[in-house]
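The values are calculated or read from the model by the stated rules, or taken from the named source; none is laboratory data. All figures in this text were calculated on a predicted structure; none of them were measured in a lab. As a convention, Cβ positions derive from the backbone with ideal geometry for all residues, glycine included, and neighbour counts pool all protein chains shown.
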């Protein structure tokens, strides 16, 4: 009961804060978001230390000063994402080009959908990843994202109201995989964030920044089961807005063995994500415990997706 009460009061506090942020000019909000990121970096000790540790292991060639700068900017980027998320009601067809000032490869989406097998938008916690689900419908490509359910309805509603405000649908990870498969077989777009170590998801170990990282199998399994290609997308924060890049679609390469096929193709898209992070290290979520699972450890996973394929 105490936890529920605390969550309720935090919800009220969040709603009040969101109201005041939403009425500010976006430019001012982003400035305040940057400052908030620096404050959180200073006082969120565990998250800061985890980010610094991950950065040092991933970039051993960088100095301590460089590592600390990247870590601070990582926190600022996430806070800026939050400011933009709160202000997403201002995003429409007329203002979209002010948010995404440059896009590359959007024609690839049309080419993929023309084949009638759907497509899997493969995103990562990089840049402002939530902008993908807001921007695509405005360009005529609505889709459905696979999301984690938050087991406090008021929190869950805040996030989903934003995601669905522009026409994007939501399927929760704990729902039947058949819903996802049906949409792909109808030639629709599905969006997946698959660059984190998640306890409830079946995964495979692949190399990520020189270390084995437990990575979701779902993108490759879905692609192999439906023929829908993986379409890696990245939203890069720049000085005056964002640059959205749609990479070349990845068809699953069959290695003659199911597990080898999953591992090989998961490594392919993980390598691509790593290449972007190396270029823009301050735009990834280094405070996440990406390497928490070690090879040989048992994971409590929901294997429905794997069994379905």
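When residue 202 is tested against the conditions (1) out of contact with any helix residue (DSSP H, G or I) (no Cβ under 6 Å at 6 or more places or on another chain); (2) over 29 Å from residue 76 (Cβ atoms); (3) surrounded by 17 or more Cβ atoms within 10 Å (Cβ to Cβ); (4) modelled with pLDDT under 95, the lone failure is (1). Quick one: is residue 67 in a helix (DSSP H, G or I), out of contact with any strand residue (DSSP E or B) (no Cβ under 6 Å at 6 or more places or on another chain) and under 30 Å from residue 121 (Cβ atoms)? Judged against the criteria, residue 67 is not a match.
Taking the numbered list (1) under 26 Å from residue 97 (Cα atoms); (2) in a helix (DSSP H, G or I) in turn, residue 267 passes all entries but (1). Considered as a group, the residues in segment 259-275 that are within 12 Å of residue 204 (Cβ to Cβ) and free of Cβ contacts under 8 Å to residues at least 40 places away in the same chain include one that is surrounded by the fewest Cβ atoms within 10 Å (Cβ to Cβ), and that residue is 260. The criterion of at least 1 residues that are in contact with a strand residue (DSSP E or B) (Cβ under 7 Å, 6 or more places away or on another chain) and in contact (Cβ under 8 Å) with a residue 60 or more places away in the chain is met, among helices (runs of 4 or more DSSP H) falling completely within segment 133-248, by 177-185, 218-226. Applying the criterion of being in contact (Cβ under 8 Å) with a residue 24 or more places away in the chain and surrounded by 14 or more Cβ atoms within 10 Å (Cβ to Cβ) to the residues of segment 8-30, the residue that is farthest from residue 86 (Cα to Cα) is 11.
Looking across segment 112-128, just one residue is surrounded by fewer than 13 Cβ atoms within 10 Å (Cβ to Cβ) and either without any contact (Cβ under 8 Å) to a residue 24 or more places away in the chain or closer than 14 Å to residue 238 by Cα (or both), and that is 114. Can residue 33 be described as part of a helix (DSSP H, G or I) and surrounded by fewer than 14 Cβ atoms within 10 Å (Cβ to Cβ)? For residue 33, the condition - part of a helix (DSSP H, G or I) and surrounded by fewer than 14 Cβ atoms within 10 Å (Cβ to Cβ) - is not met. Only residues that are in a helix (DSSP H, G or I) and surrounded by 12 or more Cβ atoms within 10 Å (Cβ to Cβ) were counted in segment 36-63, giving 18.
For segment 70-95, the set of residues classified as exposed (fewer than 15 other Cβ atoms within 10 Å of the Cβ) and part of a helix (DSSP H, G or I) consists of 89, 90, listed by residue number.
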